[in-house]
Every structure is written in structure tokens, then in C-alpha cells.
Amino acid sequence: MDVTKKSVAIIGAGPSGLTACKHALAKGFRPVIFEATDAVGGVWTRALASTRLQTPAAAFRFSDFPWPAGVEDDEFPRHDQVAAYMAAYARRFGVLDCVRFGSRVLAAEFAGASEQEVAAWERWSGNGEAFGDGAGEWHLTVKHGESGETQKYAFDFLILCVGRYGVAKHPKFPDEAGPEVFRGQVLHSMDYSRMPHADADELIRGKRVVVVGSGKSALDIVAQCAVANGSEYPCTMVYRNPNWAVDPNLTWGAFFEKLMTSRLAELMVHKPGEGLALSLLATVLSPIRLLIAKATETYYKALMPMRKHGVVPGHSFSAAMLGWRISVLPDRFYDMVVDAGIVLKRCDSFGFCTDGVVMDGTGERVVHADVVILSTGFDADQLLNRVFASPWFREILVAGPSDTMLPLYRRCVHPRIPQMAVVGYAESAASIYPYEMMAKWVAHLLDGAVRLPGVAAMEKSVAEWERWGKWAKRRSGGFFLKSCIASVTTWYHDQLCRDMGYSPRRKEGEGLLADWLQPYGPTDYAGI
């Protein structure tokens, strides 16, 4: 059977969708990408004017596609540079020709076998092959354009590349304390980021703005408001638990990143399915990792005025590393605090009143506001949950299993959901090249180069990752992003390399010491 004759659908043209398409094309397939917006690049096409990458350009890139001239390896590119880089990648590898813009997938339904039959299979997709026995297919209901009619399509394989940042998470409030009692404007940071830049500037100019949250988007919005309004209309950041936000200009940060992305560093942390010997070694070496993290924490506390302004996180830098709750400060952030363009307010809870935000449930701590922007995160699971017509598929993938790890074998396929893969649902220090590795693995699965074990063995591997996720969440004090692989990225890539028939030792030509001590990054996987 010529599998390249089989049809493949991809939902989403963000970074994961682009690389999934590129590598499927390289295997001879002709995928169709359904993209709801009018551009490729995902969230990078809908970002604040001031948004920059959280990682240097050298770590955030595709393995075989360098940044254009003028972007240095140690630079943190702007959002428009990232969007342009994504678009150039899509053009270079013929991905743009596969994209159907303005096409929103409303539902995906598997046909060809009943749920009872699927649940009884001992091999994924019935026979362990990407396309099963050829009888099963995915039926997609797609809406084209804002007012267009829906159409139905059939595909032999489905790749979900919907990302994690498309559904806003809103806090719940007691009666008479929600946004409805506030006479100003309330919106989520996602909606603010998606506004045209001129409209976003107009919304905050000359206004008393309160931003709720302490993550990266909150910091960026607060800084943007402070630049626009200065101390005349200071922006207030209301937060409960400050996150670790570091100054990228401090020299230790670059050294620390290189140190902790080496293969040697991963020996110091427990890993999913590592076995007894590696588990004992991680236990013995973990004090070294803790010592390095403590030294880094002390360094940042000494050189950044966190104590002075009351933004010392309640969790250690080690915990933040494990759960990857680390962000980069906007330029001159603390200078704007000193200049009174930014006001920092810490509280345990907040609600609304007519004139603004009430902190800790008392009328004594009121922050007057005209605009309140909720930077309260995203509900990543909903993007996956909404895709499936089958309640059972929703239950076994998203709703029931876990709040620490999505139950995917190799972070890509569910043992019980046939002829479907997920690319891009993982959190790491530099997400783009783990997405690319997932895409390469899925492409090898499509053409038969990756052979899957039985369903029971796949579920055993999923359970190992689940146990590890629970351990990581405990050790990070709960500050663990779901499906975060930041501390075990190379270990994870080793698994994918072995499955695809490649050596996981990607620095063999540079010597043994280089393989253990030098950081692993995108270019190490260019030959796959």
C-alpha cells in the first residue's frame, strides 16, 4: 500500500502545525491545514506591540531554518520578527500552499469503527499502523469564513496542532463582586493582545489601568501602560503569588541556561521511566542541582530589587525550573516602578466594585480603575476538548485522566484514539524545536518507519509519565504547567530518536565531553 496516497488533515497553522506539515510533505504526503485566522504563526500574529521571545533566538528556531541575517543568537526577537520567521519557514518549505485560511474546524468525528470496537483493540488503530486497516477515517465539519456555510471533509489521519493559548481562563467571583458591578471596562489579556495595536494604545491612553496577574503577559501589559501614561496615570499590577521574572541582561542567566540544558544536568533530575540505576543517580546528584538553583536564586535576589518592591516569589527558583514558571522582565521594569509609572499591589483575593478592584474582600483596599485587564492564564485543555464530537474521546484525552500530563504516548498519540496525533501540547524552555521533534516522529509514524508497541505497553509508558508529572508537581510546590517537559527535554528527544532509528547522541562528532557538557538545542537534530 502506498501510504502517501492517504489524506492527512492538520488543524492549526501555528508553529506546531507548520512543522507538522513540513515534515509530512517531506515524506510524500500532501496535508491540508485548516487555519481559522488569515495568517500563519499562531499567537505570534496576535501579540502585544511590546512582546518579545522569552528565550534567545538560538534556542527558539527550527533545526534546518536559521533566523535571517540581523537577528543575533543571543537576541530576544520581537513578536513581529517571530511572525515573519514563521511565515518565511512556511514559504520556504511549501507549507503555505497547504493552508486553507479562514477555516474553523467545528467538530471531528471518527468513522469506521464503533467506540466499543476501538476500546477493545490491543493494537493502536487496530493493527498498530498509522492508517489502520484503511476502513477508518476522520470526518471534519469546517466553517469557511465568518458567515460561510459549513462543509464536511473526510481524511485518513488527523493531526491536532491547536496550541495551548486560545481559550481564556476567567476567575470566579462571589455574587455582587464580579465584573458586572464595575462601571469601567474589563477584558482578558488574550482579548487585549488580539486588538490592533492602535486600538490597544487608545484603550489604555490616559486611563487608570489595573492588570491582575504576575505572569509574562501581565508584566508586558503593565510595562506598556507605564510607557504610555507614566506617573500621571500609573498602572497597578494586582497579584497574589509573584513568579520568577528575571532580567535578561544579567550575565549569569545565559551561563545558567547553558549549564542546565546539558545532558549532564538531566542526570540530576528524575525522569519518566528512568529505571533504578538512573533513579538512584538522580537522587545522589540532585543536591548539586539544588545548589546551582539556590546560587542562581541568590544572585537574582542580590542584583534585582525584588525584596524592595515586595515581589520575591514564595517558591524557590528550583521549583520554578521544574515547572517552568520563569519569565523575562520587560526593559526598565523596576525603573518604572521607582518612577511611579507602575504600582505593585499584593493580595490574597480580589473582586470588583463600582469604581475599581477590591482587594482581600474589604472595602478598605480599593484600587480605582477605568480599565481592568485580567492576565489570569489560559484553559489549554478546552482547545482539544472542543474538537471531538465523541464524548468518550473527550473524556479519555482531556476531561478525566490528569491535571499534570496529557495521556499521550510519546506526547503525541493517545493509545485509544486511532489515526490521530497531537503536536505541540507540551511546555518547555524553548517550545519550537520540541514541537519540531514531535512533527518528525509523527511523519515517521505516517510512513511506517516508527513501529508502535501494543496498547498495553503504550498505556504503561503513559502511566510512567503521569507518575513523573505528579512527582514534578509536588516538588515544584504546585507551580507546574501541565505537560511540562522543560527539565527532561533531551531525555524525551532521546526516546523519539530511538523510535525513528537515529542515535540520540547528537554530538558524537564533537566528542564525549561535548555530548555531556554542551547544551542541546535545535541544530543538534537537523539531520533527522
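Any read-out appearing in this document is the output of simple, stated calculations on the displayed coordinates, not a laboratory observation. The shown structure was predicted, so the numbers you read here are calculated from the model rather than taken from an experiment. Methodologically, a virtual Cβ is constructed for each residue, glycine included, from the backbone with ideal geometry; neighbour enumeration extends over all protein chains shown.
Which three numbers, in whole Å and largest first, are the semi-axes of the equivalent ellipsoid of the stretch 114-266 derived from its Cα gyration tensor as √(5λ)? If you can, show how the numbers build up before the last one.
On the way: eigenvalues 375, 156, 57 Å².
Each semi-axis is the square root of five times an eigenvalue, giving 43, 28, 17 Å.
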Go through 194-200, 350-356 and give me the packing order, highest mean Cβ count within 10 Å leading. 350-356, 194-200
R92 paired with M195, simple spin-label distance in nm, labels 7 Å along Cα-to-beta-carbon: 3.6
Just the number, please: percent antiparallel of the DSSP beta bridges in the chain, rounded to the nearest 5. 45
Roughly how many nanometres apart are two label points built 7 Å out from the Cα toward the Cβ at D80 and T283? 5.5
Cut-off under 16 Å on the C-alpha distance; same-chain residues fewer than 8 positions from K6 excluded. Which aspartates and glutamates are left, in chain and number order? E129, D133, E137, D156, D447
By the 4.7 Å beta carbon criterion, which cysteine residues of the chain come out unpaired? C21, C98, C161, C347, C353, C412, C484, C497
Nearest-0.05 FRET efficiency for R451 and K152, computed from C-beta distance (R0 35 Å): 0.60
Run lengths n ≥ 4 of DSSP H only: what is the helix-derived mean residue ellipticity at 222 nm for the chain, with -39500 (n - 2.57) per run over all residues, to the nearest 500? -10500 deg cm²/dmol
Show me the ranking of peptides 137-144, 389-396, 29-36 by mean Cβ neighbours inside 10 Å, starting with the highest. 29-36, 137-144, 389-396
When the Kirkwood radius is taken over all Cα pairs of the stretch 298-370, what Stokes-Einstein diffusion coefficient follows at 37 °C and 0.692 mPa s, in µm²/s? 224
How big is the gap, in Å, between the Cα center of the stretch 189-242 and the Cα center of the stretch 247-316? 31
Checked against a 29 Å limit on the C-alpha separation, the offending pairs among K169/K345; K152/K470; K216/K470 are K152/K470
Report the extension gain between L344 and L106 in nm, rounded to one decimal, defined as 0.36 nm multiplied by the number of residues separating them, less their alpha carbon distance. 81.5 nm
Using +1 at the Cβ of each Lys and Arg and -1 at the Cβ of each Asp and Glu in the chain, identify which of S63, G206, Q185 lies farthest towards the dipole's positive end. S63
Can you list the equivalent-ellipsoid semi-axes of the stretch 279-428, largest first and in whole Å, using the square root of 5 times each Cα gyration tensor eigenvalue? 37, 28, 13
For the chain, which DSSP H helices look membrane-span-like by this rule: Cα extent along the axis of 24 Å or more and mean Kyte-Doolittle of at least 0.5? 275-303
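With a 10 Å radius around each residue's Cβ, average the other Cβ atoms per peptide and rank 410-423, 109-122, 170-183, highest first.
410-423, 109-122, 170-183
Between E232 and Q185, what is 0.36 nm times their sequence separation minus the Cα-Cα distance? Round to one decimal in nm. Could you put the intermediate results ahead of the total?
Values: separation 47, 0.36 × 47 = 16.92 nm, distance 1.97 nm.
Additional length available on full extension: 15.0 nm.
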How big is the C-alpha Rg of the chain next to the rule-of-thumb value 2.2 N^0.38 Å, as a ratio? 0.99
